[in-house]
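The structure appears right after this line, and notes come after that.
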Amino acid sequence: NERHARQTGENDVHVSFEFFPPKSEKMEESLWQSITKLAPIAPLFVSVTYGAGGSTRERTHNTVARILKETGLKPAAHLTCVDATRDEVDEVIRSYWELGVRNIVALRGDPAAGIGTAYQPHPDGYVNAADLVAGIRRIADFDVSVSAYPERHPESADWGVELDNLKRKVDAGAARAITQFFFDNDMFESYLERVRAAGIDIPIIPGIVPIHSFKQVASFSAKTGTSVPDWLAHRFEGLDEDPETRKLVAATVAAEQVMDLVDRGVTDFHFYTMNKADLVFAICHLLGLRPKTPEQEAA
Ligand code: FAD
């Protein structure tokens, strides 16, 4: 019955959605179709990523500005420290505040030479995410989210380093952490236990990636140190040329993961949408979330 209650949305489930800034008019159109489909679910916020090395500075800003102007959604702008001076980053932060943006996802970012190469902070820049969080909070009263890594960040030698780093981000003023995607809920649960045992009490929101392309997810996982369980690979085996079945399997896999997390007491989820609405909309429906009318949204 508890399971039934959780799965019929009788408890409070909250979601947020992540998008990336579009590179072309066509991509912009499909992003906006997705935003239009997902907006009535009334997410807590929608975040817009910042391309490697700040390569999407303008596009991230424009997407955030359009969300603010054309929807009732709360946009959260991702921001990194890569290859930028403090002054440059501070200017971006101030321009967001002036625009009316109140949420930032603060990240260090990856080296311009690619994930796996050694990170070198800009000599006049913020050195890491904790330093950036402090900088943002000095400028204005932003709501700041940071990253968290249930399987450890590849550069963290051990759990002590990993959790100290998260703690520094919290001490600098982070309100919540969003995790790197993962597929093993047991591992996420033991991570949460470690975080709480370290005295970190901010919400840790699981980042969920619906698998539109298993190949893509597997290759990204390898780069970011996310493990892909054999059972998951097995589920997508032989489906490379069968997009219809692949989509049904992807929806099932993500729904199973999310429902199991609900059964473990998780109430908030962050979805890596890849700018596509269909799988995320279906999972939110299963979570008991229903589109709100514009009147309900305004209330
Ligand atoms: P940090 O929290 O600063 O930590 C990075 C590593 O450095 C950790 O291993 C930490 O332990 C170590 N470290 C930090 N400070 C110290 C210190 N003083 N001494 C010793 N070790 C230290 N990337 C983008 O480019 N754009 C995005 O929009 C983006 N969005 C993301 C959203 C989420 C939810 C997540 C989980 C990641 C995102 N990333 C994004 C990827 C992120 O930039 C990379 O994972 C990057 O390698 C680390 O960034 P961070 O903010 O986690 O770094």
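No value in this document is a laboratory result; all are computed from the given coordinates. Treat the numbers as computed from the prediction; the structure is a model and nothing was measured. Positions of Cβ are backbone-derived with ideal geometry, glycine not excepted, and every protein chain shown enters the neighbour counts.
Descriptive notes on the structure:
- Cβ crowding within 10 Å averaged over residues, with 176-183, 91-98, 218-225 ranked highest first: 176-183, 91-98, 218-225
- Packing around the peptides 153-160, 14-21, taken as the average count of other Cβ atoms within 10 Å per residue, puts them in this order, highest first: 14-21, 153-160.
- Residues in the range 173-216 that a label on Lys23 would reach, taking backbone N under 16 Å of a point 7 Å out along Cα→Cβ: 216
- Cut-off 12 Å between beta-carbons: net charge of the residues surrounding Val92, Lys and Arg +1, Asp and Glu -1: -3
- Shape class for the chain, computed from the alpha carbon gyration tensor (a ≥ b ≥ c): rounded, with a/c under 1.5.
- Only beta bridges with both residues in the chain are counted; by DSSP, about 0 percent of them are antiparallel.
- Counting 0.36 nm for each residue step from Asp171 to Ala197 and taking away their Cα separation leaves a gain of 7.8 nm.
- Rounded to the nearest 500, the helix-only mean residue ellipticity at 222 nm of the chain stands at -14000 deg cm²/dmol, with each DSSP H run of n ≥ 4 adding -39,500 (n - 2.57).
- Within the range 260-294, backbone nitrogen closer than 19 Å to the virtual label 7 Å beyond the Cα of Gln33 toward Cβ: 273-283
- Prolate/oblate/rounded label for the range 138-183 (Cα gyration tensor, a/c 1.5): oblate
- Among the lysines of the chain, pairs at least eight places apart or on separate chains and with Cα atoms under 16 Å apart come to 9.
- Full extension of the chain between Glu70 and Thr245 yields a length gain of 59.5 nm, computed as 0.36 nm times the residue separation minus the alpha carbon distance.
- Highest mean packing first, where packing is the average number of other Cβ atoms within 10 Å per residue, the peptides 24-30, 59-65, 250-256 line up as 59-65, 250-256, 24-30.
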